[in-house]
Amino acid sequence: MKIQDYIEHTILKPDATYDEIFTVLAEAAKHNFRGVCINPYHVALASGYLKNTDVKVVTVVGFPLGANETSVKVFETQQAIKAGADEIDMVINITALKSEKCDLALNDIKEVVKASGDKPVKVIFETDLLTKEEIEKACQMCITAGAKFVKTSTGFVKNGVGAKVEDVALMHSIVKDHGIEVKASGGIRSYEDAKKLIDAGATRIGTSSGVKILQESEAK
């Protein structure tokens, strides 16, 4: 297993400087990580920097709360793709999901998938805030809407755990027969963390500790 094939090297913190952004891009290019996950404002910069590499440019929509109007998420998606995004990570409408307004939450995903065209959409659940039943419902929505990935977390929930093995395993068990993959993100800081999540079914690992995880894997 080449761990770099799973890693989306991530910098989403609001106080990130340009020096930090360039460091992440350089690390992703050097180590040939699967992708970088950055805020929308930096997509054009990242796209230009990584144009001669195989590293995917991934950005976020409706981030981190998922509480934007659907039309705003659609516009964000369109603008991100114009700027050079290869993949879109959207946050589900958590309020709609938890309030059992399933049609609203489903339409939100459908419209972003439609706006993304041939660019894969990952749907962030924020699993720390959901019951197992709500995770199952969210997975079914993603199957219906045509999303390409289900994703655990934003990493922005105060006192949240982030990606948990049992949640990844549950999500994988529901979506695996529908051509949908699982991205684990949130609190993944070691190779052992990443490997457990991959063994549970994750095919992508979103982490700001990509270099550390790679170094640990090479030391095994």
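Scanning segment 81-91 for residues that are closer than 25 Å to ASP128 by Cβ and of a type in the set (A, V, I, L, M, F, W, C), which turns out surrounded by the fewest Cβ atoms within 10 Å (Cβ to Cβ)? Among them, the one singled out is VAL91. Residues considered: ALA28, ALA80, ALA85, ALA105. Of these, the only one that is in contact (Cβ under 8 Å) with a residue 60 or more places away in the chain and not acidic (Asp, Glu) is ALA28. Residues that are among the aliphatic types (A, V, I, L, M) and over 17 Å from the mean Cα position of the chain (by Cα) within segment 75-114 comprise ALA83, ALA96, LEU97, LEU104, ALA105, LEU106, listed in sequence order.
Please work out if GLY210 is more than 26 Å from THR95 (Cβ to Cβ), buried (at least 24 other Cβ atoms within 10 Å of the Cβ) and in contact (Cβ under 8 Å) with a residue 60 or more places away in the chain. Here the answer is yes, as GLY210 does meet what is asked. When residues in segment 92-119 are screened for being surrounded by 15 or more Cβ atoms within 10 Å (Cβ to Cβ) and not in a helix (DSSP H, G or I), 3 of them pass. Filtering segment 8-31 for residues that are closer than 15 Å to LYS122 by Cα, crowded, with 20+ Cβ neighbours inside 10 Å and in contact with a Phe, Trp or Tyr (Cβ under 9 Å, 6 or more places away or on another chain) leaves a non-empty set.
With the requirement that a residue be assigned to a loop (DSSP other than H, G, I, E, B), in contact (Cβ under 8 Å) with a residue 12 or more places away in the chain and either buried (at least 18 other Cβ atoms within 10 Å of the Cβ) or among the β-branched types (Val, Ile, Thr) (or both), what does segment 120-153 give you? Result: PHE125, GLU126, LEU130, ALA147, LYS148, THR152, SER153. Are any residues in segment 32-46 in a helix (DSSP H, G or I) and surrounded by fewer than 17 Cβ atoms within 10 Å (Cβ to Cβ), and if so, which ones? Hits for segment 32-46 are TYR41, ALA44. Looking only at residues in segment 47-72 that are polar (S, T, N, Q) and part of a helix (DSSP H, G or I), the one that is surrounded by the fewest Cβ atoms within 10 Å (Cβ to Cβ) is SER71. Filtered by the rule that a residue be in a helix (DSSP H, G or I) and of a type in the set (A, V, I, L, M), segment 194-220 gives ALA194, LEU197, ILE198, VAL211, ILE213, LEU214. The C-beta contact set for segment 169-184 (first residue closer than 23 Å to SER208 by Cα, second residue surrounded by fewer than 20 Cβ atoms within 10 Å (Cβ to Cβ) and basic (Lys, Arg), distance under 8 angstrom, 6+ apart or interchain) comprises GLU181/LYS148.
The numbers here are math on the coordinates, done by the rules we state, and not lab data. For clarity, every value in this text was computed on a predicted model and none was experimentally measured. As a convention, Cβ positions derive from the backbone with ideal geometry for all residues, glycine included, and neighbour counts pool all protein chains shown.
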